[in-house]
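Visitor: The structure follows.
The values are calculated or read from the model by the stated rules, or taken from the named source; none is laboratory data. Keep in mind that what you see is a predicted model, and the values were worked out from it rather than measured. When we count neighbours, we look across all protein chains shown, and the Cβ atoms used for this are built from the backbone with ideal geometry, even at glycine.
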Amino acid sequence: MTTEFNFFWYGGPLTILNWVGVASFVKLGHTARLWAYEPLEVPPGVLVEDANEIIPKEELFLYMNPVTRRLDVGPFSDLFRFKLLWMRGGWYSDTDVICLRPEFPVCDYAWAQIIPEIDPSALAPSQIRFPRHDPMIEHLYKNCLESSSAIQSREHLGPHVFSKTLAGYPTPASHWGSADEFYPIRWIETFKLWLPEFRDEVEARVRSAAFVSTMNSMHAYMDMADKMPPRGSWLDEAFRKLAPEKMVAEHYTCEETLPRIRAYFIAQKSWAFEELAQTCGVDMLARLGLESSEA
């Protein structure tokens, strides 16, 4: 059965990663509605809708991300999705998510834990479903709107407000979604999508999943947004399958990629080393060349 998914985009043309994400839904027979404020080139079959119908453009805001030192639409996109689902109901997905299934279980609600190994209470709004005018999505929208006047981090209006709000409700009987189905590759380990040595591991872990969230923010933090993924990586193969016409000749090499991965983890070592070890095992630190003296 065809499922309809909503998306949001702002800020120039779709990058190849976001193009691949939206295209993956259409390729599997789903309906994709991409909400935008300006005309936009999109993958064949994607329906472009006027985002002003949900939130007028003059109310759009950008967040100065201290990690990338760039203006970031991420927090606004969280507010937008909650308002959209309160008004219309249905599914919402981030554009950097790759769909893996042609069919989904019948459900009224959908969301999942994002880091169950670290914090079982942490949920993510990357792929979610709510009924129109549902009390939970109304509560989420109002909490997000209230918090938007004092954003503390890029994740403040999304995972933090989402997790805190839903903690006050019992999980509905008609809910579907688990971490392994929605986030088979956890946020902290999405570098594996970029490295050929992990291709087989990724392929095995996504086999029974519904989605792969490529976590575009992680790649931006690691300064890996200007070239194609290394040849032979899982993400390289996804690009070739879903958007070969959008690929450019220049790829990152593993020799370029690994130092960027290491630099990010070292810069965030106050929490990242421990989370990486808890998620992937302590041997991953050595495998990435992160010496114990840096922990």
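Visitor: Collect the residues in region 207-250 that are within 18 Å of the chain's Cα centre (by Cα) and among the polar types (S, T, N, Q), keeping them in residue-number order.
Guide: Ser213, Thr214, Asn216, Ser217
Visitor: Can you tell me which residue is farthest from Asp94 (Cα to Cα) among those in region 119-168 that are touching a Gly at 6+ places or on another chain (Cβ under 6 Å) and surrounded by 18 or more Cβ atoms within 10 Å (Cβ to Cβ)?
Guide: It comes out as Arg154.
Visitor: Yes or no: region 191-198 includes at least one residue that is touching a strand residue (DSSP E or B) at 6+ places or on another chain (Cβ under 9 Å) and surrounded by 16 or more Cβ atoms within 10 Å (Cβ to Cβ).
Guide: Yes.
Visitor: Additional query: Mind checking which residues of region 65-97 are in contact (Cβ under 8 Å) with a residue 24 or more places away in the chain and hydrophobic (A, V, I, L, M, F, W, C)?
Guide: Answer for region 65-97, where residues must be in contact (Cβ under 8 Å) with a residue 24 or more places away in the chain and hydrophobic (A, V, I, L, M, F, W, C): Val67, Val73, Phe76, Leu79, Phe80, Phe82, Leu84, Leu85, Trp86, Met87, Trp91, Val97.
Visitor: Checking the condition within 26 Å of Val22 (Cα to Cα) and in a helix (DSSP H, G or I), which residue from Leu140, Leu145 passes?
Guide: Leu140
Visitor: Taking region 140-190 on its own, how many of its residues are among the acidic types (Asp, Glu) and modelled with pLDDT under 95?
Guide: Total satisfying the criteria: 2.
Visitor: Let me confirm something: among Ala210, Ala204, which residue is modelled with pLDDT of 95 or more and either surrounded by 19 or more Cβ atoms within 10 Å (Cβ to Cβ) or on the phi > 0 side of the Ramachandran plot (or both)?
Guide: Ala210
Visitor: Sticking with this structure for a sec: Give me the pairs, please: first residue somewhere in region 98-112 and in contact (Cβ under 8 Å) with a residue 24 or more places away in the chain, second residue anywhere and of a type in the set (Asp, Glu), beta-carbon distance under 7 Å, and either six or more positions apart or on two chains.
Guide: Ala112/Glu181
Visitor: If Thr257 meets every condition in (1) under 30 Å from Tyr92 (Cβ atoms); (2) hydroxyl-bearing (Ser, Thr, Tyr); (3) buried (at least 20 other Cβ atoms within 10 Å of the Cβ); (4) touching a residue at least 60 places away in the same chain (Cβ under 8 Å) apart from one, which number is that one?
Guide: In the conditions (1) under 30 Å from Tyr92 (Cβ atoms); (2) hydroxyl-bearing (Ser, Thr, Tyr); (3) buried (at least 20 other Cβ atoms within 10 Å of the Cβ); (4) touching a residue at least 60 places away in the same chain (Cβ under 8 Å), Thr257 misses (1) alone.
Visitor: Only one of Glu181, Glu203 is within 30 Å of Arg287 (Cβ to Cβ), within 20 Å of the chain's Cα centre (by Cα) and in contact (Cβ under 8 Å) with a residue 60 or more places away in the chain. Can you tell me which?
Guide: Result of the check over Glu181, Glu203: Glu181.
Visitor: Let me spell it out: the conditions are (1) under 24 Å from Leu193 (Cα atoms); (2) hydroxyl-bearing (Ser, Thr, Tyr); (3) out of contact with any Gly (no Cβ under 8 Å at 6 or more places or on another chain), and Thr95 meets all of them except one. Which number is the exception?
Guide: (3)
Visitor: Looking at region 16-53 only, could you name the residues that are more than 21 Å from the chain's Cα centre (by Cα) and buried (at least 21 other Cβ atoms within 10 Å of the Cβ)?
Guide: The answer is none; no residue qualifies.
Visitor: Next question. Quickly run through region 90-100 and pick out the residues that are within 17 Å of Ser208 (Cα to Cα) and outside any loop (DSSP other than H, G, I, E, B).
Guide: If the condition is that a residue be within 17 Å of Ser208 (Cα to Cα) and outside any loop (DSSP other than H, G, I, E, B), then Val97, Ile98, Cys99 are the ones that fit.
Visitor: Right, here's the next one. Consider only pairs whose beta carbons are under 8 Å apart and that are at least six residues apart or on different chains; among these, list those whose first residue lies in region 38-55 and is within 13 Å of Phe5 (Cα to Cα) and whose second residue is of a type in the set (Gly, Ala, Ser) and modelled with pLDDT of 95 or more.
Guide: Gly45/Ala32; Val46/Ala23; Val46/Ala32; Leu47/Ala32; Val48/Ala36; Glu49/Ala36
Visitor: Right, next: What's the number of the only condition in (1) within 30 Å of Glu41 (Cβ to Cβ); (2) touching a residue at least 40 places away in the same chain (Cβ under 8 Å); (3) surrounded by 17 or more Cβ atoms within 10 Å (Cβ to Cβ) that Pro229 fails to meet?
Guide: (2)
Visitor: Right, next: Of everything in region 101-115 that's part of a loop (DSSP other than H, G, I, E, B) and buried (at least 17 other Cβ atoms within 10 Å of the Cβ), which residue is farthest from the chain's Cα centre (by Cα)?
Guide: Phe104
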